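Report on one structure; see the data block that follows.
Quick note: the coordinates plus some simple rules give every number you see, no bench work behind them. Everything numeric here is computed off the predicted structure, so don't read it as measured data. Glycine gets a Cβ as well: all are built from the backbone with ideal geometry, and neighbour counts include every protein chain shown.
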Amino acid sequence: MMIKKKTLTVLLSAVVSSFMLVGCSSDSGEKSSASGEKEIQFMHLWPEGSSKKHYDVVNDIIADYEKENEGVKVDLEVLSNEQYKDKLRVLSTSKELPDVGLTWSAGFLEPYVGGNMFAPLDDVIESDLKDAFVPGTAEAYAIDDKTYGLPLELNIVSLYYNEKMFKDNNIEVPATYEELIEASKAFREKGIQPVALGNRDSWTGSMWYMYLADRIGGADTLNKAIDRSGSFEDPALVEAAKEVQNLVDNGVFVDGFNGLADEEAKSMFMSGQSPMYLIATWDLPNYTTNEDVPQEFRDSVKYMNFPTVKGQGDMSSFVGGPGVGLFVAEDSDVKEEAKDFAAYFVKEWGEKAVTEAGVIPATKVDAESLDLPQMYTDILNELNTASNITLFADVQMSPGVAQTHLDSIQALFGKEMTPEEFAKAHEDALSKQ
Amino acid sequence: MNKVMSNKLFIAFYIAPALLMITILIFIPLILSGYYGLMDWDGIGAKTFIGLENYIAGIQDKLFWNSALHSFLLAIFSTFSLAIYLLVSFILASKIKGSDFLRKIYLIPMLLSSVAIAQLWVKMYNPSNGMLNAFLNMIGIDNPPTWLANPSIVLYAIFIPILWQYAGFYILIYYAALKNIPESLIEAARIDGATPAQIALRIKLPLIKEVVSVTIVLAIVGSLKYFDLIYVMTAGGPNGASEVMASYMYKLAFSSYNFGYGSAIGFLLLVITLIVTFIIRKVTATKERIEY
Amino acid sequence: MNRIGYFFLYACLIAVALFQILPLVWLFMFSLKSNAEIFAGSPFSLPSEFRWENYQKVWDGGIATYFFNSVWITVAAIVLTVLFASMAAFAITRMRWKLSGLVLGLFMVGLMIPIHSALIPLYSMFLSVDLIDNPLAIVLTYTAYNLPITLMILLGFYYTLPHEIEEAAVIDGCSVNRMFFRIILPMTTPIMATTIVINMIYNWNEFVFVNTFISSEKYKTLTVGIQNFIGQYMTDWGAIGATLIISVLPIIIAFIFFSNKVVEGISSSAVKG
């Protein structure tokens, strides 16, 4: 029977190819192959398609590094933000992290450090990068006096506004919080939605809450509540939560902000639909150098520090913090090379990042000597004179608590929670830890 | 006959490839995930065995049951919309003009990836620039809802694209089933003077009963573990108003680094789905198999 | 039915059709716009200028490799899935053995597992057999995870096949394999075409598994390629639109081909009735 034989062979080979390969490993042996060359795996989140400039800076640095270090090859994997986080998650479970990769500070680090996934980098900082970082940035990557990340970015949050829209509508640019509310009401009367906010990504709403907490309660109240030396039931923090709802009641934020992504809110600001937008310095290229954004819009964007509330607060106290930083995997086969590469990367990154990609680096750069747009120089100066930078709350908190915080922020803005309930939700989550 | 069709060797040969595949690639991970559910584990550091603690916590977790309720609502909506899909399939399978073309058009949303579908609907629902509210404004509704921001609407607002996206899937299956009915049966009924409606209800529907009951299971199981669009469009928000079981599980395991608990929730999801499916199968069970 | 009835029927059908075709129109517009237009303007407005460079950009981004990978991975997984599922459906519905009910139950349970539960265990399994960053892992995973649903869809049809066919075949001295490949499989062409379409859509659009198991550019598929345009702080939506259009075209063509098969199959299997 011809058919029988033929089908049998086909089927068997199909089955064999599917299962035998699962059963016994194909010895392709990747990593340690080729002629004693060392390979450093490096994973980052700036894909060429969306972040061409970052991508190019990284490639430049790698090319330089490979040139200067014969026999070392950097093997690159690039993912988008969400996918990067998910993949890191999966890789860590199997202890398969890349040799060098990007991490976020504080709370994000905790599980990785707890599981001994990241190598302490104090030796690298001590020998190669002493005094290289802006004070406070490397510290955000420290747990129990050991530093596990080399910060690359430093972001602070400012209120950006479209000066032209204010002028066209004969509305004064607000100098205080109370004026901000008045200006918002005036915009509302003209049918303009005042502040772009995409609170579906609730870290954006969190920035509003944090600034109000900072202005009302001073720089330390929120930090203390998070590190448990204080409490979210502190009157100043409850007051801040009340102010959030006051802003909502006064129609300050765009309609349906809880259903909008940050990206949608940003486009409302950038298309001149809304005159104000609270965001961090990673957006600076959009307001300065990005040629894809109309010149007219870029010219009319100005920024202000978050205003004082009822005359209280210090306007040179900021919400912000380092964004991503480099980690080196603890069980890397090429740990020394990886550390060396990470240090090299940080040194090269600073100037290149700010001039070519518009990133405010966490390493000290001499703003005067660089040819930068005015807004950059101004912001770098703000940074130099900042009295305090409070790290983003969701970054400070461990991942589980951060999730509660972000959900509660949505509920607070949506008025499904009273300020008191908001405080209690945080207390419950933090005490459970 | 009986001897040939109960030859163990042949049975093994036909069932083995599929069975091996799902055993290795579905059941082993499933058992592992049930096992992780017994651990206090962030997915990275050391595992601590805590027995059924995660499962008990899951059963007492209000947020979990809240998400389960949403999943159940989606399952109910999906099941009822099968009736609409079935109706459309009946119309398309009857020999009306252009049915072939229409059928192809109807399937288009299904061909697009969820990323694209989600982006489209997010834009439809945008309270300031979206089509939907622009339309509502036009017909004189002044304060149209902020669809995805309103916790009492968001869940239903998100069901619509899901039901819309899956229309093609079920129409495809029903259409094939209806086309599979031998023409002679229908012809016979027509000669006996049955109306098209009678033919559909009395002849065709009973004949594709088995297929319908399979699609009910698919719709329910698919709904109970549904994730894609919801995650992209609202990420379960605002404040959990559109959270479903799978997105809750994902948040715990991937965002909150509570991998042990997340695994337990994933396992509970499966148990719940199993129970529901079992009940549905009992209810829709056909006593005798129909052959053409 | 009378004229007015038909008129209403067609009006409804066409309205629904419009609603279903809109996303494609929208996507096409989207692929020719800039970021600003995509967010601020109405979804169905014409682009202020047709930015064909979005397509150029996507093409330069090395989409050809992704495309090729998507095609072969999708096809390989479909062949395995539909073949194995048909065999299993045959064994479960046509053959007599005690455990068939239990095995069917197992497949149904397989339908229920949320993929994010399986992701991490699967990763460590593939790692232990050195299949990480190997497209075979993707083909196997797609096959396994689509088997339950494919089997469920096939089952309904296998049950309705008349038993006389097998009886006749056995009496004629036909072997089981011959019966399956020569008689049963051709008879199920319409439903096979249906499952092929469904599998094709699932495999083509899947990205969680590829993203997790594959790290080399040379093995990535189209859906993961799209991620290239989503950045930490910036996303190029026009390019994403262009990628989506490029990636949906082949599937539309394949779909039209197979959906005709659904109909053709009926005339070719005149055996029954």
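Hey, got the average number of other protein chain Cβ atoms within 10 angstrom for residues in C:217-225?
1
If you take every residue apart from B:L136 with its C-beta less than 14 Å away from the C-beta of B:L136, what net charge results, scoring Lys and Arg +1 and Asp and Glu -1?
Value of the local net charge: -2.
Just to confirm a number: summing +1 for Lys and Arg and -1 for Asp and Glu over residues other than B:N54 whose beta-carbon lies under 13 angstrom from that of B:N54, what do you get?
-3
Which far-off residues, 5 or more places away or on another chain, put their amide H under 5 Å from the one on A:W46, with H placed in the peptide plane?
A:L79
Starting from the Cα of A:K335, draw a straight line to each of the lysines and keep only those under 16 Å, dropping any in the same chain fewer than 8 residues away.
Straight-line reach from A:K335, under 16 Å: A:K31, A:K38, A:K73, A:K95.
Relative to the compact-globule scaling 2.2 N^0.38 Å, provide the ratio for the alpha-carbon radius of gyration of chain A.
Cα-based Rg divided by the globular estimate yields 1.12.
State which entries of A:K266/B:K104; B:K97/B:K204; B:K209/B:K282 exceed 26 angstrom in Cα-Cα distance in the structure shown.
Violating the 26 Å limit, Cα to Cα: A:K266/B:K104.
Please state the relative contact order of chain B as a whole percent: Cα pairs under 8 Å, 6+ residues apart?
Relative contact order comes out at 30 percent.
Once both axes come from the Cα atoms, what is the angle between helix C:237-268 and the longest principal axis of chain C, in degrees from 0 to 90, rounded to 10?
Approximately 20 degrees, to the nearest ten.
If you put +1 on each Lys and Arg Cβ and -1 on each Asp and Glu Cβ, how big is the dipole of the range C:61-268 around its Cα centre, in Debye rounded to 20?
Its charge dipole is roughly 220 debye.
Let me make sure I get this right: for the range A:119-254, a, b and c are the square roots of the gyration tensor eigenvalues over alpha carbons, sorted descending. Under 1.5 in a/c it's rounded, otherwise prolate if a/b > b/c, else oblate. Which is it?
prolate
Would you mind calculating the relative contact order of the range B:81-224 from Cα pairs under 8 angstrom and at least 6 residues apart, reporting the percent as a whole number?
28 percent
Given points 7 Å out from each Cα along the Cα-Cβ axis, report the C:C12 to B:R190 separation in nanometres with one decimal.
2.2 nm
Seen from all sides and averaged, what is the projected area of the convex hull of the Cα atoms in the range B:176-292, in nm²?
Averaged projected area of the range B:176-292's Cα convex hull equals 10.2 nm².
On a straight-distance basis, which lysines could pair with B:K225 in a cross-link, Cα separation under 17 angstrom, same-chain partners fewer than 8 positions away excluded?
Of all the lysines, those that pass the test against B:K225 - Cα under 17 Å, at least 8 places apart if same chain - are B:K251.
What net charge do the residues around A:A353 carry, taking every other residue with its C-beta under 10 Å from that of A:A353, with Lys and Arg at +1 and Asp and Glu at -1?
-2
Count the DSSP beta bridges whose two residues both fall in chain A, then state the antiparallel fraction as a percent rounded to the nearest 5.
For chain A, the DSSP antiparallel bridge percentage is about 60.
Looking only at the protein assembly as shown, where both bridge partners belong to it, what percent of the DSSP beta bridges are antiparallel (to the nearest 5)?
Around 65 percent antiparallel, to the nearest 5.
Counting only other chains, what is the mean number of Cβ atoms within 10 angstrom of the Cβ of each residue in peptide B:140-152?
Counting Cβ atoms of other protein chains within 10 Å of each residue's Cβ and averaging gives 3.
Given the pairs A:K146/A:K339; A:K87/B:K47; A:K52/C:K33; A:K67/A:K364; A:K164/A:K190; A:K67/A:K146, which are separated by over 22 angstrom at their Cα positions?
In this structure, A:K67/A:K364; A:K67/A:K146 exceed 22 Å between Cα atoms.
Setting aside same-chain residues fewer than 8 positions from C:K218, which aspartates and glutamates have a Cα under 16 Å from its Cα?
Candidates past the 8-residue exclusion: A:E30, A:E48, A:D75, A:E77, C:D60, C:D133.
Determine by what factor the alpha-carbon radius of gyration of the range C:61-268 differs from 2.2 N^0.38 Å, reporting the quotient.
Relative to the 2.2 N^0.38 Å estimate, the range C:61-268 comes out at 1.18.
For the range B:34-115, what does the alpha-carbon gyration tensor say about shape, rounded, prolate or oblate, given a ≥ b ≥ c as the root eigenvalues, a/c under 1.5 as rounded, and a/b over b/c as prolate?
Cα axes put the range B:34-115 in the prolate bin.
Going highest first, how would you order A:392-399, A:378-385, A:125-132 by mean Cβ packing within 10 Å?
Going from most to least packed, we get A:392-399, A:378-385, A:125-132.
I'd like the GluC sites (Glu not before Pro) in the range A:247-295 restricted to DSSP loop residues with at most 14 other Cβ atoms within 10 Å, sorted by number.
Counting only loop positions with at most 14 other Cβ atoms within 10 Å, the GluC sites (Glu not before Pro) in the range A:247-295 are A:E291.
Relative contact order for the range B:145-292: what is it in percent, counting Cα pairs under 8 Å that are at least 6 residues apart?
25 percent
Over the protein assembly as shown, with a single point scatterer placed on each C-alpha, what log10 of the ratio I(q)/I(0) does the Debye formula yield at q = 0.05, 0.08 1/Å?
After summing over all Cα pairs, the log10 values are -0.33, -0.83.
Report the longest stretch of chain B that contains none of the GluC sites (Glu not before Pro) sitting in a DSSP loop with at most 13 other Cβ atoms within 10 Å.
After excluding every exposed loop site, the longest remaining stretch is B:1-287.
Grab every C-alpha pair in the range C:107-156, bin the distances at 10 angstrom width from 0 up to the longest one, and report whole percents.
24, 48, 24, 4
Take peptides B:271-280, C:176-185, C:194-203 and line them up by average Cβ neighbours within 10 Å, highest first, as a rough protection proxy.
Per-residue Cβ counts within 10 Å, averaged per peptide and sorted highest first, yield C:194-203, C:176-185, B:271-280.
Once a ≥ b ≥ c are taken as the square roots of the eigenvalues of the Cα gyration tensor of chain B, is the result rounded (a/c under 1.5), prolate (a/b larger than b/c) or oblate (a/b not larger than b/c)?
Since a/c reaches 1.5 but b/c is at least a/b, the shape of chain B is classed as oblate.
Which one, A:A386, A:L370, A:V328, projects farthest toward the positive side of the charge dipole computed for the range A:322-392 from Cβ point charges (K/R +1, D/E -1)?
A:A386
I need the GluC sites (Glu not before Pro) found in the range A:387-432, filtered to DSSP loop residues with at most 15 other beta carbons within 10 Å of theirs.
none
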